[in-house]
Amino acid sequence: MFQRIFNGISRRARAIATRVRVARGMVVLHGPARVTLRDDEVAVIALVKDAAYFMPAFLAHHQRLGVRHIVLIDNGSTDATVAIAQGFADVTVLRNTLPAKQYEIALRVAGARVVQGGWLLFADADELFEAPLGAPLPQLTAYLNQREFTAMVTQMLDLFAPAPYAQTKGWDYATVIARADRYSLGQMETLPYHEQTRIDFSWFLDANHGEVALKRGGLRAEVFGEACFLSKHSLVRNIAGVAVMVHPHCASGVRVADVTGLLRHYKLAGDYLARDAASVAAGTWDHAEDAKRLAAAVGGDAFVITPAQSQVYAGPGLLVDQGFLEASDAYRAFIT
């Protein structure tokens, strides 16, 4: 009993110390330090570093969707990431150079504190959000609010181009988005939401009410041998009682929607092997996924991503039919 109490006090003390350290290191480089949203409005929260390659399309895409504001937590970029962001309206740029490997969650949560109310959409620079069945963003949040959901799971879909690396590594991001239009659902594993043995963060889900399936594997498992989890609680209601991010893939204390969104994932965009090599050299992450891609890309410039079967991306609707995404009858009726 005493040991459990001591461990609990120690965890809380470490959490407070982390939050204080992150807060002290946070600097506002651009935009407002406080933004207030209506109940149906959305703000994007992104932790970025040297993401200039992705920035213009990332910002423009989410603003076209109708997000109210975008908060970037810059982790010490040395490229044009910040300068590009400063050219867009309704963007706040924070800077904090604490290592993301140790402080990823705390950095994202600190960035989210810029926003009061509304919904938070956590996304990475190489991800483009798509609402379920292509619904307008205000219609999606209106549905979630009406049904009193406080989080929506999104599934990452890895997109690629079936061409030699020598050709694709020189593409700018706009070209990638236009031409990297293939995906594979091979080696896709579907897990019940409250599966205990195969979800390594399942204890964070215990306080959640949800029934949608979670996904693991897919293209990067098949081609590169990555043990990648594809599901994230990306869209979270920004209200008291909700822990908006307790793990890179989930929130806690939430009621999970009966519909899932899509993150078009462009991890394999442009000169991704060079980015992976830089990440490995810097020891940026512990998950070893970058090293696995480098090891599997046999042939260098001649390497072609070749899953057993691939399909042309045709929107979220087909992915619902294929069982990768979910959309309840209630959601379908609401948006139509």
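Rule-based calculations on the coordinates, nothing more; no lab input. Note that the structure is predicted; figures quoted are calculated from it, not measured. Because the Cβ atoms are built from the backbone with ideal geometry, glycine has one as well, and the counts that use them run over all protein chains shown.
Contour minus end-to-end for T175 and A282, with contour as 0.36 nm per residue of separation and end-to-end as the Cα-Cα distance?
Separation in residues times 0.36 nm, less the Cα-Cα distance, equals 35.7 nm.
Looking at region 32-87, which trypsin sites (Lys or Arg not before Pro) are in a loop (DSSP not H, G, I, E or B) and have at most 14 other Cβ atoms within 10 Å?
Answer in residue order: R34, R38.
Sorted from fewest to most neighbouring beta carbons within 10 Å, what does the list V153, V91 look like?
Ranked by crowding around the Cβ, least crowded first: V91, V153.
Pop a pseudo-label 7 angstrom from the Cα along the beta-carbon direction at both D329 and R255 and give the gap in nm to one decimal.
The answer from the label model is 2.0 nm.
Looking only at the chain, where both bridge partners belong to it, what percent of the DSSP beta bridges are antiparallel (to the nearest 5)?
Among the beta bridges of the chain, antiparallel pairing accounts for roughly 50 percent.
Ranking request for peptides 114-123, 318-327: highest mean number of other beta-carbon atoms within 10 Å first, then the rest in descending order.
Highest to lowest by the protection proxy: 114-123, 318-327.
Quick one: T284, T197, T150, T190, fewest Cβ neighbours within 10 Å first, how do they rank?
T197, T190, T284, T150
Restricting to DSSP H runs of at least four residues, report the calculated mean residue ellipticity at 222 nm for the chain, -39500 (n - 2.57) per run over all residues, nearest 500 deg cm²/dmol.
-10000 deg cm²/dmol
If you take every residue apart from H62 with its C-beta less than 15 Å away from the C-beta of H62, what net charge results, scoring Lys and Arg +1 and Asp and Glu -1?
-3
Could you please report the charge total around G210, scoring K, R as +1 and D, E as -1 over all other residues with beta-carbon less than 12 angstrom from its beta-carbon?
Neighbour charge sum, excluding G210 itself: -4.
What order do you get for M188, M156 when you list them from fewest to most C-beta neighbours inside 10 Å?
M188, M156
Could you work out how much longer the chain between I16 and A274 gets when fully extended? Use 0.36 nm per residue separation minus the Cα distance between them, nm to one decimal.
Full-extension gain reported as 89.2 nm.
For region 134-230, rounded, prolate or oblate, judged on the Cα gyration tensor with a ≥ b ≥ c (square roots of eigenvalues), a/c < 1.5 rounded, else prolate if a/b > b/c?
It comes out oblate by the Cα gyration axes.
Give the residue from V254, V67, A142 lying farthest towards the positive end of the charge dipole for the chain; charges sit on Cβ (+1 for Lys and Arg, -1 for Asp and Glu) and the dipole is referred to the Cα centre.
It is V254, whose Cα lies furthest towards the positive end.
Extending each Cα 7 Å along its Cβ direction at H194 and A60, get the distance between those two points in nm, one decimal.
Distance between label points: 4.6 nm.
Relative contact order, percent, of the chain when contacts are C-alpha pairs under 8 Å separated by at least 6 residues?
20
If you stretched the chain out fully between E148 and D39, how much longer would it get, using 0.36 nm times the residue separation minus the C-alpha to C-alpha distance?
Stretched out fully, the E148 to D39 stretch lengthens by 38.1 nm.
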